[in-house]
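Read through the structure below, which is laid out as structure tokens, and then see the notes.
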Amino acid sequence: MNVVLAVAAGILLVAALLLVVRMTLGPTILDRSVALDVLVAVTVCAIALYSASSGSTYALPVLVVLAGCGFVSAVSVARYASRSDDLRPGTGDDERFTGRS
């Protein structure tokens, strides 16, 4: 059982690191939003893994709150991004400074 927990924790750690890279590199606000939403889901999975391995249930309300916050934040960013000009890579403020159109 400990091997399964260690492998699952390792997979979650690698996923979290890749998501942080994706949030940093972008290139659009939607990519960053999806990476942040999946990072919240990975955090929920990590807390659930800890709760399952320790046999305690005190973390279950935290899981519900995190899942709700992740959903609300994803919907909020999607509504904001639908009105934004930053939907395609390479567009936005940098065109003013380089003279490209």
Do any residues in region 65-84 that are under 16 Å from residue 28 (Cβ atoms) have Cβ atoms under 7 Å from those of residues that are in a loop (DSSP other than H, G, I, E, B) and of a type outside the set (D, E, K, R), where the two are at least six apart or on different chains, and which pairs are they?
-> 81/87
Collect the residues in region 49-68 that are in a helix (DSSP H, G or I) and not hydrophobic (A, V, I, L, M, F, W, C), keeping them in residue-number order.
-> 50, 51, 53, 54, 61, 68
Qualifying positions in region 1-48 - of a type in the set (Ser, Thr, Tyr), part of a helix (DSSP H, G or I) and either touching a strand residue (DSSP E or B) at 6+ places or on another chain (Cβ under 7 Å) or surrounded by 13 or more Cβ atoms within 10 Å (Cβ to Cβ) (or both) = 33, 43
What about residue 60, is it out of contact with any His (no Cβ under 6 Å at 6 or more places or on another chain) and more than 23 Å from residue 79 (Cβ to Cβ)?
-> yes
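Here, each number is a calculation from the coordinates, and none is a lab measurement. On a predicted model such as this, the values are computed, not experimentally measured, just so you know. Backbone-built Cβ (ideal geometry, glycine too); neighbour counts: all protein chains shown.
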